[in-house]
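Worksheet: the structure to be examined is printed underneath.
The values are calculated or read from the model by the stated rules, or taken from the named source; none is laboratory data. It should be emphasised that the depicted structure is a prediction, and the values quoted were computed from it without experimental measurement. Glycine also receives a Cβ, built like all others from the backbone with ideal geometry; neighbour counts cover every protein chain displayed.
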Amino acid sequence: MRIKVFIAALCALTLTVNIAKAETDNNAEAPTQETEQPKDDDGFNPGAEIIEHISDAHEWHIMTLNEGQADEKHISIPLPIILYNTRDGKLDVFMSSKFHHGKEAYKGYTLVGGGTEAQEIAYADENGNAITDESGAYLKPLDFSITKVAVSVMIASLILLLILLGVKRSCIKNAGKAPKGMQSLMEILILFIRDGVVVPIIGEKHYQRYLPYILTLFLFIFLCNLLGLVPFFPGGVNVTGNIAITGVLAVITFLITTFSGNKHYWKDIFNTPGVPWWLKFPLPIMPLVEFVGMFTKPFVLMVRLFANITAGHIVTLGFIFLIFIFGNTMSAGVGYGVSPVSVIFSLFISALECLVAFIQAYVFAMLTSLYIGMAVHNPEEEHA
């Protein structure tokens with residue numbers, strides 16, 4: 001039940017982040033002219049291709065047939081577009097297929113960006129061109145659309161629920177027997193997090209209250225990391241490499257830590273023991289540093305996971321695209337010659353990413369346990 005509550009909170013906070021992002025984006029300036037990106041002779045833009053693969057989108061692109069030819073065909077899964085028109089106060093709902101992969105406008109909206117820029121939805125004029133204000137910024141509605149990352153979060157949550165509910169039934173059915181299959185694997189992960197992370201850091205007295213959250217956090221991040229390494233549907237989405245997702249997870253940890261803090265936690269922040277009095281009252285340097293530290297901790301959680309996962313995807317795609325870069329800029333023979341090296345390095349980075357997927361989930365769970373443990377730590381109880 002607590003797992004379901006956590007996932008519901010995750011979806012709610014993700015929606016909140018999207019609302020804030022939509023409001024902020026209305027003030028962002030649009031480029032006055034297109035920036036020339038390095039391309040090879042066939043128009044291949046490696047930078048744009050990499051950014052497109054790791055960025056969010058309003059449709060789930062599967063593959064492109066006959067790319068660059070007259071009969072080019074895109075195979076993709078359309079996703080719901082939910083827009084609040086701030087000009088007339090109406091809510092518009094339709095599928096992303098109405099945009100025809102960004103080539104057409106629909107209901108006064110059009111897709112902007114793409115490539116090395118984030119894909120967004122802006123108001124369009126009668127000719128289908130994006131409308132800008134006097135400063136050159138795109139005029140945009142409030143965007144509540146179900147994007148590719150949001151769908152992947154739902155898929156990962158559903159898979160996690162099915163696994164845990166299946167393990168629960170297996171535990172009840174095989175009570176008193178040795179675990180096997182998925183039950184055995186989940187038991188290893190659960191005991192590892194409980195006995196190796198949560199109990200030693202938070203303590204025997206308080207760990208049971210926070211174990212469901214930290215365990216769900218670890219499993220969710222680990223599963224999303226693994227799904228991101230799968231190159232086909234329903235994987236291949238850079239979920240934990242999305243700053244909104246990692247930001248929401250960090251905000252949840254921040255709220256739990258803040259509301260769980262006891263009097264010793266707040267005393268250590270505003271009246272740090274062992275610090276000269278003149279650094280606390282006449283010159284409140286230490287209280288200010290400790291107060292700022294309350295917000296830098298979740299910021300570290302957010303950026304660490306986002307940067308490590310995104311970097312792994314970029315490096316892997318970079319090695320793969322070396323084949324096409326050498327093949328198109330020099331000759332097909334050079335491309336074939338580079339391909340074995342690129343494939344070997346790509347496989348090595350992919351194997352390393354499997355390890356990183358576990359390590360980053362473990363580090364996020366460990367730091368969350370550390371922050372919560374600092375909030376509930378009571379020296380008097382330990383002394384007694």
Test: K107 is touching a strand residue (DSSP E or B) at 6+ places or on another chain (Cβ under 9 Å) and without any contact (Cβ under 8 Å) to a residue 12 or more places away in the chain: no
Filter result (without any contact (Cβ under 8 Å) to a residue 12 or more places away in the chain and of a type in the set (A, V, I, L, M, F, W, C)) within segment 58-85: L65, A70
So, G196, is that one in contact (Cβ under 8 Å) with a residue 24 or more places away in the chain and closer than 20 Å to V363 by Cα or not? no
Within segment 144-179, of all residues that are in a helix (DSSP H, G or I) and among the charged types (D, E, K, R), the one surrounded by the most Cβ atoms within 10 Å (Cβ to Cβ) is K148
So T296, is it more than 25 Å from S55 (Cα to Cα), assigned by TED's automatic domain parsing to the domain that holds E204 and either in a helix (DSSP H, G or I) or hydroxyl-bearing (S, T, Y) (or both): yes
Test of understanding: among A332, A351, which residue is assigned by TED's automatic domain parsing to the domain that holds V237 and either within 22 Å of the chain's Cα centre (by Cα) or of a type in the set (K, R) (or both)? A351
Taking into account only those residues within segment 62-107 that are part of a strand (DSSP E or B) and among the aromatic types (F, W, Y), which is surrounded by the most Cβ atoms within 10 Å (Cβ to Cβ)? Y106
As an exercise: evaluate A70 against (1) out of contact with any Lys or Arg (no Cβ under 7 Å at 6 or more places or on another chain); (2) at positive phi and give the number of the one condition it does not meet. (2)
Identify the residue in segment 208-249 that is modelled with pLDDT under 90 and over 16 Å from the mean Cα position of the chain (by Cα) and, among all such residues, is surrounded by the fewest Cβ atoms within 10 Å (Cβ to Cβ). F232
Answer yes or no as to whether G312 is assigned to a helix (DSSP H, G or I), buried (at least 18 other Cβ atoms within 10 Å of the Cβ) and in contact with an Asp or Glu (Cβ under 6 Å, 6 or more places away or on another chain). yes
